[in-house]
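Working notes, structure below.
We did not get these values from a lab; they are worked out from the coordinates using the rules stated. Remember, it's a predicted structure, so these values are computed and weren't measured experimentally. Reconstructed Cβ throughout: ideal geometry from the backbone, glycine too, with neighbour counts over all protein chains shown.
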Amino acid sequence: MLTRGLRKFLRLIATAIAFLYLLLDFLFLSALRPLFRRLAELRIYGKIKAGIERLGPYTTLILFLIPLILLEPFKPAGMYLVAKGHLAIGIVVVVVGEILKIGTVEQIFRIGRPKLMTIPAFAWTYSLVVAWLNWVKSLPAVQVVVRQFREMKRILSDTIRRLKV
């Protein structure tokens, strides 16, 4: 039987790992949003969107879960490779996996959200995750990281703008 202090410590470690895991998703999503906006302007995107909109709620859920299940293991696999000393290939695995996962999952969610929210278990889980993310975002350390990330984006944008002139 675990002592109360050990349980609290393990919960803290699990929260820290989950935070770092989600932070990686957040950073990738923030960096990829401009690309997703451009992809949404393509004609084929309109056809894909229309196809997803014709699906029922549970079919949309399956479509949402498939890339999540298939691509989520890329992140821990890449981190394992990095830990084993294969830095370049580990980073490539994480980056490619995250781009594919976030790109597909986020787009499917954005298109299918109204239908997904009609599934009670999905809506409940979504509200739980959103509440937890809001709590994490309210932490002072997270706010510092977000501010620094925004500042890095601003500096990078300014640099790119100056290089184009």
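Observations, loosely collected:
- Against the compact-protein benchmark of 2.2 N^0.38 Å, the Cα-based radius of gyration of the chain scales to 1.22.
- Alpha-carbon centroid distance for the pair region 29-61 / region 96-123, whole angstrom: 10 Å
- Once the Cβ-Cβ distance of residue 127 and residue 158 is raised to the sixth power relative to R0 = 25 Å, the FRET efficiency obtained is 0.05.
- Sequentially through region 82-96, phi angles give Karplus couplings (6.51, -1.76, 1.60; θ = phi - 60°) of 4, 5, 7, x, 9, 4, 4, 5, x, 5, 4, 4, 5, 5, 5 Hz, Gly and Pro residues having no value and appearing as x.
- Dividing the mean sequence gap of close Cα pairs (under 8 Å, 6+ apart) by how many residues the chain holds gives a relative contact order of 21 percent.
- Per-residue packing, averaged as other Cβ atoms within 10 Å, sorts the ranges 63-74, 116-127 into the order 63-74, 116-127, beginning with the highest.
- Once the Cβ-Cβ distance of residue 38 and residue 66 is raised to the sixth power relative to R0 = 35 Å, the FRET efficiency obtained is 0.90.
- Averaged over residues, the count of other Cβ atoms within 10 Å places the peptides 76-87, 149-160 in the sequence 76-87, 149-160, highest first.
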